[in-house]
Amino acid sequence: MKFSLSFSHVGFYVKSMKTMVNFYTSFLGFVVSDFGQRAVGGEIYFLTRDPSEHHQLVFASGRPENLSFNMINQLSFRVDSLATLRLLYSGLQSYSMKEIHPVTHGNALSVYFHDPEDNRIELLIDTPWYVPQPHRVPVDLSLADDDLWLMIEQGVKKLPGFMSQSDWLMQMKVKIAAADKHRLTNSI
């Protein structure tokens, strides 16, 4: 059986609904699409930035106060341009967020930070290159656009496995098609 599968949304428990909804709506531009009481008690909020998706994030009350380990590794949000990434980076600094780190992964230019409940967030734009992961190099977002892109390109071109993003995309299409064929052949 062949089928299509795409990611829709993620939900997680929060300690302070008001703080989290305020940060995600005021700073990241999400809107509340619905909210109410959960059947098991507590509040639930649905947030989106895409009118074709009822919700992309779900916040449910009930996260314990004293967790020794955060189950969420990170939430990553793609932005539309380097200008937007810089604008958000500047906003994070004035918002007094913890641990703000601009980095390149070779295939992306990212800014990492922690939200009000210490969930790691990544804001990113894609680059035209691919390098094997993990790859993480700090960058200076105050550099001029051309200087920043040149610095990233010079750093990744010399790495083993470097290729254009379009070449990597073609390889992944072949790999996914082979995995689908294998799955279909073995499921009959």
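The values are calculated or read from the model by the stated rules, or taken from the named source; none is laboratory data. Predicted, not measured: the structure shown is a model, and the values here were computed from it. Neighbour counts are summed over all protein chains in view; Cβ atoms, including those assigned to glycine, are modelled from backbone coordinates with ideal geometry.
In table form, for the structure just shown:
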{"read-out": "Top-ranked residue in the range 68-115 [being assigned to a strand (DSSP E or B) and among the aromatic types (F, W, Y); ranked as farthest from L141 (Cα to Cα)]", "value": "F77"}
{"read-out": "Test for P138: is it farther than 27 Å from S8 by Cα, under 23 Å from the mean Cα position of the chain (by Cα) and either touching a residue at least 40 places away in the same chain (Cβ under 8 Å) or not assigned by TED's automatic domain parsing to the domain that holds F27 (or both)", "value": "yes"}
{"read-out": "Of all residues in the range 33-53 being surrounded by 13 or more Cβ atoms within 10 Å (Cβ to Cβ) and of a type outside the set (D, E, K, R), the one that is farthest from F77 (Cα to Cα)", "value": "G42"}
{"read-out": "Given (1) outside the structural domain of L28 (by TED's automatic domain parsing); (2) farther than 17 Å from F23 by Cα; (3) touching a residue at least 12 places away in the same chain (Cβ under 8 Å); (4) surrounded by 12 or more Cβ atoms within 10 Å (Cβ to Cβ), index of the condition S81 fails", "value": "(4)"}
{"read-out": "Residue in the range 119-140 that is surrounded by 19 or more Cβ atoms within 10 Å (Cβ to Cβ), in a strand (DSSP E or B) and β-branched (V, I, T) present", "value": "yes"}
{"read-out": "Scan of the range 49-67 for residues that are among the hydrophobic types (A, V, I, L, M, F, W, C) and either assigned by TED's automatic domain parsing to the domain that holds E122 or part of a loop (DSSP other than H, G, I, E, B) (or both), ordered by number", "value": "L67"}
{"read-out": "Subset of the range 150-172 (residues that are exposed (fewer than 10 other Cβ atoms within 10 Å of the Cβ) and charged (D, E, K, R))", "value": "K158"}
{"read-out": "Members of the range 54-78 that are surrounded by 12 or more Cβ atoms within 10 Å (Cβ to Cβ), within 17 Å of K15 (Cα to Cα) and among the hydroxyl-bearing types (S, T, Y)", "value": "S61"}
{"read-out": "Number of the condition not met by Y95 [criteria: (1) of a type in the set (F, W, Y); (2) surrounded by fewer than 20 Cβ atoms within 10 Å (Cβ to Cβ); (3) modelled with pLDDT of 95 or more]", "value": "(3)"}
{"read-out": "Every residue from the range 104-115 that is surrounded by fewer than 18 Cβ atoms within 10 Å (Cβ to Cβ) and either touching a Ser or Thr at 6+ places or on another chain (Cβ under 8 Å) or not assigned by TED's automatic domain parsing to the domain that holds G161 (or both)", "value": "none"}
